[in-house]
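The structure under discussion appears below in the form of structure tokens.
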Amino acid sequence: MHSKPTEEVALRILTQIALALASLAIFAVSSANGAELTPHRAEYKVKISILSGQLNTELRATESGYVATHVIKPKGIAKLHGGEMRVRSEFAPAADGVRPVSFHEIDTIGGDPETRIHFDWTTNQASGTVGDEEVLLQLDGIAHDNVSIQYELMHDLLNGGPNATYVLFDVDKMRIANVRNVGTREIKTKAGTYEAVGIQHQKEGSSRLTTLWCAAELDYLPIVIEQHRDGKLNFRATLTDYSPI
């Protein structure tokens, strides 16, 4: 028998998985023309133990590519704690998918330090700040932040399937994420009922396993996000609304 997490612990878990949520931006890609993203708005209902939250996402086109903004807010009991988590990721089309340009995260739920990262593909460096600490890493090929990796995954899924591994930028070093297809199933959401394929990804050395249930009917939009830790389901987010803009 496992006890329910306290409000403080649950709020910390909510903050920890917020990036996983915020990174699940919805997009459409034209396989004939490479990465062609569709501007959109979407909303997810978040549930973790007795706590709940809401994730709002928006993707807009810019002169040089795209910018995705994602905001997660606690609801119910968790709302008493206050705060929100806001992530902004700018990225550009690449020959084989997308590549990050900048990443900015502000977390007033858990009080984590503000993060600003810039990716320079002429020098192959990622630089910026995490709180008062400066960050500088050399990049060896394409590396993704926590948002752009999901766009890359969906692009590859639409074009024959994701790779087995991807490189992720994780502030202090690069990490390998292992990816696999876990089959299909029919899923009912507030936004509709869809046949979805399950794509799992996990960083090497991490106990967190994230599964994206992506609907082919919606250009592989993630309609359900599940996260397991040490084999136990501790988080679930479900699509409630989606609209192109």
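Quick note: the coordinates plus some simple rules give every number you see, no bench work behind them. Just so we're clear, the structure is a prediction, and the values are computed from it rather than from any experiment. Methodologically, a virtual Cβ is constructed for each residue, glycine included, from the backbone with ideal geometry; neighbour enumeration extends over all protein chains shown.
Tabulated values for the structure
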| read-out | value |
| --- | --- |
| Segment 123-128 - phi-based ³J(HN,Hα) in whole Hz, Karplus 6.51/-1.76/1.60, Gly and Pro as x | 9, 6, 10, 10, 9, x |
| Where a label projected 7 Å from the Cα of Asp132 along Cα→Cβ would reach, residues of segment 78-118 with amide N under 19 Å | 107, 111-116 |
| Estimated FRET transfer efficiency when R0 is 25 angstrom, pair Lys203-Thr38 (beta carbons, to 0.05) | 0.35 |
| Extension gain from Asp140 to Val167, taking 0.36 nm per residue of separation minus the Cα-Cα distance | 8.8 nm |
| Distance from segment 206-245 to segment 109-140 (C-alpha centre basis), Å | 27 |
| Furthest towards positive pole of dipole, Gly160, Leu139, Gly65, structure part segment 54-183, Cβ charges | Gly160 |
| Gln125/Glu63 FRET efficiency (R0 22 Å; Cβ-Cβ; nearest 0.05) | 0.40 |
| Anisotropy class of segment 7-244 from Cα gyration tensor, a/c 1.5 cut | rounded |
| Listed pairs Lys173/Lys232; Lys203/Lys232; Lys45/Lys75; Lys47/Lys190; Lys73/Lys232; Lys45/Lys190 exceeding 20 Å between Cα atoms | Lys173/Lys232; Lys73/Lys232 |
| Theoretical FRET efficiency, 1/(1+(r/R0)^6), r = Cβ-Cβ of Lys188 and Arg116, R0 45 Å, to 0.05 | 0.70 |
